[in-house]
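The values are calculated or read from the model by the stated rules, or taken from the named source; none is laboratory data. As the structure is a prediction and not an experimental result, all values here were calculated from the model. Glycine also receives a Cβ, built like all others from the backbone with ideal geometry; neighbour counts cover every protein chain displayed. We work out accessible area using only protein heavy atoms, side chains counted, and drop any ligands, DNA or RNA first. Shrake-Rupley method; radii C 1.70, N 1.55, O 1.52, S 1.80 Å.
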Amino acid sequence: MDFDRFHIHPCPATGRRCTAKKGGADAQGLGRSRGGLGTKIHAAVDALGMPVRFVLAPGHRGDVIFGKALLDGLRPRHVIADRAYDAEHFHDTILDAGATPVIPPRPGRRRPHACNWRLYRERNLIERFFAKLKQFRRVATRYDKLLVNFRGFVLIAAITIWLK
């Protein structure tokens with residue numbers, strides 16, 4: 001076993017020490033989805049459409065998995081998200097944070113939650129933010145191999161958006 005290729009860290013799920021490979025798919029943050037290899041950018045914006053937090057993930061991972069990471073430490077009054085974030089555990093996370101979930105139910109849901117469609121219209125703020133983010137060529141095309149480098153340029157683009 002080559003110990004130079006592994007690092008030991010506490011596992012977030014169990015708290016025990018586990019080994020994980022350095023590099024590879026996790027370091028690159030790439031995942032195969034319908035559009036090919038890509039990286040998803042999960043973002044939270046404030047009421048003015050300014051970025052507050054980012055989570056970057058491989059393209060094949062589901063969206064709702066990273067919803068809790070976006071909300072940690074934030075105190076929103078409403079959480080507006082699309083159908084991909086419609087899960088019972090995420091609704092509970094939003095309610096525990098003292099916010100109101102504004103998420104349309106998935107079509108096949110047995111017990112759909114109510115959705116304030118008038119407030120849901122404000123979701124265009126995140127869509128407009130992503131449109132601004134895509135104006136930065138390096139972010140839109142993702143030339144960087146490693147996820148940490150790509151995350152850095154996403155943050156630089158977000159700072160630039162804040163400064164404009």
Fill in the blank from the handout: Within the range 52-93, residues open to solvent by less than 20 Å² (accessible area, probe 1.4 Å), touching a residue at least 40 places away in the same chain (Cβ under 8 Å) and closer than 24 Å to K145 by Cβ come out as L56
Exercise for the section: Name every residue in the range 128-140 that is open to solvent by less than 80 Å² (accessible area, probe 1.4 Å) and at pLDDT 90 or above, in order of residue number. Expected result: F129, F130, A131, L133, F136
Practice task
State yes or no: is H42 surrounded by 16 or more Cβ atoms within 10 Å (Cβ to Cβ), at pLDDT below 90 and not small (G, A, S)?
Solution key: yes
Exercise for the section: Evaluate the range 149-161: report whether one residue or more is open to solvent by less than 20 Å² (accessible area, probe 1.4 Å) and without any contact (Cβ under 8 Å) to a residue 60 or more places away in the chain. Expected result: yes
Handout entry: Positions within the range 51-87 being part of a loop (DSSP other than H, G, I, E, B) and touching a helix residue (DSSP H, G or I) at 6+ places or on another chain (Cβ under 6 Å), in sequence order
Key = D63, A87
Problem - Every residue from the range 100-127 that is open to solvent by 100 Å² or more (accessible area, probe 1.4 Å) and under 19 Å from D63 (Cα atoms) - result: R106, P107
